[in-house]
Amino acid sequence: MAESIMTSPLRQNSVFRFAPSPNGPLHLGHALSAFLNHDMAFAQGGQFLLRIEDIDLMRCTPEFEQGIYEDLSWLGLKWPQPVRRQSDHLSHYRETLDRLIHMGLVYPAFMSRGEIKAFVVNYERAGSAWPRDPDGAPLYPPLDKRRAPHEVEALLASGVKHAWRLDMEKALARVGEPLTWNELGQGSERTIEADPGAWGDVVLSRSDAPSSYHLSVVIDDALQGVTQVVRGLDLFHATSVHRLIQWLLDLPAPDYSHHRLIVGPDGRKLSKSEGSTGLSALRQQGHTPLDIRRLVGL
């Protein structure tokens, strides 16, 4: 429960962050996460940062970004300027990706979603289930890693669309030791064993997004000195991938707290398409910031 996170062990010089994507209006789930980060930073005498994760250049818009500032200001939250916007740092993400490519841990992946689906269907016709990641998506097939170097070079030279994927097997072989993270909450601290292999060869960059969430969030947290990552339970398992990337890049690991999710009438977590739960809509209906705190259970 959210209230239990507030009793987590204190850290000196704590830095928290709330990092929404401007690809839709903020909803009650965002409000819960923003409140928790802001309140915990205040309680610990730490710092609360706002970061705009607009790496998805196709879906993120200035209008949604402005809406984030307006909604959070209405809730009474304050943050230092300037706000870090991921779209202002694309070259740095690319430099980090190039570093991983040079290390031989990343490869170009050419299969489309349709091709991946067809591969899985054909595989499962034989009676065996193709492995899925914790979110239920099929793991990326190994075909691209089997391509001859000259074939890969020809495909890249042709300009065909491709992603850059982490070679999970090579990455884990380089680590050679169990990865863990500190999970705070319920008034205690737990050590969680990471399992990045469950995600297969995750995407680190796509043709329509210069950096993936996994890569950019790890880089940003390190550059901004974030010590406490407080976010929803839907990202609990993704922390395994983040710990791996932190290890590969020799970056510090923050403490993590994964809070409960706000769900809709259907029992599913809220999405930005749920207009009735949008903070701006609730504000227009006459709700106050105190009402929002009550609605999210604080």
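What follows is calculated from the coordinates using simple rules that are stated; it is not laboratory data. Owing to the predicted nature of the structure, the values given are computational and were not obtained by experimental measurement. Cβ placement follows ideal geometry from the backbone for every residue including glycine, while neighbour counts extend to all protein chains displayed.
Going out from 0 in 5 Å bins, what whole percent of all Cα-Cα distances in the stretch 172-298 drops into each bin?
2, 8, 15, 18, 16, 14, 12, 8, 4, 1, 0, 0
With all pairs of different alpha carbon atoms counted, what Kirkwood hydrodynamic radius in Å does the stretch 111-160 show?
Result for the stretch 111-160, one decimal place: 12.5 Å.
Have a look at Glu70, Glu124, Glu193 and tell me which one the Gaussian network model of the chain (Cα, springs below 10 Å) gives the largest fluctuation.
Glu124
Treating the beta-carbon of each Lys and Arg as +1 and of each Asp and Glu as -1, no other charges, what is the dipole magnitude of the stretch 111-160 about its Cα centre, to the nearest 20 debye?
It comes to approximately 140 debye.
Hey, could you get me the Stokes-Einstein D for the chain, Kirkwood radius over alpha-carbon pairs, 37 °C and 0.692 mPa s, rounded to whole µm² s⁻¹?
Roughly 158 µm²/s, to the nearest whole number.
Which value in deg cm²/dmol, rounded to the nearest 500, describes the helix-derived mean residue ellipticity at 222 nm for the chain, given -39,500 (n - 2.57) per DSSP H run of n ≥ 4 and division by the residue count?
-11000 deg cm²/dmol, from helical runs alone.
Just to be sure I understand: of the beta bridges DSSP finds with both ends in the chain, what percent are antiparallel, rounded to 5?
Restricted to the chain, the bridges split so that about 55 percent are antiparallel.
In the chain, once you exclude exposed trypsin sites (Lys or Arg not before Pro) (DSSP loop, at most 11 other Cβ within 10 angstrom), what's the longest stretch remaining?
By the stated rule (loop sites, at most 11 other Cβ atoms within 10 Å), 162-267.
Can you tell which of Met40, Met111, Met168 shows the greatest fluctuation in a Gaussian network model of the chain with Cα springs below 10 Å?
Maximum among the listed residues: Met111.
Determine the shape class of the stretch 13-52: with a ≥ b ≥ c the square roots of the Cα gyration tensor eigenvalues, call it rounded for a/c under 1.5, and otherwise prolate if a/b is greater than b/c, oblate otherwise.
oblate
Relative to the present Cα-Cα distance, how much length would full extension add between Val160 and Asp133 at 0.36 nm per residue of separation?
7.1 nm
Where a ≥ b ≥ c are the square roots of the eigenvalues of the C-alpha gyration tensor, would you call the stretch 165-208 rounded, which needs a/c under 1.5, or, failing that, prolate if a/b is larger than b/c, or oblate?
Taking the square roots of the gyration eigenvalues as a ≥ b ≥ c, the stretch 165-208 is oblate.
Which residue, Ile219, Ile192, Ile245, has the most motion in a Gaussian network model of the chain that connects Cα atoms within less than 10 Å?
Highest fluctuation of the listed residues: Ile192.
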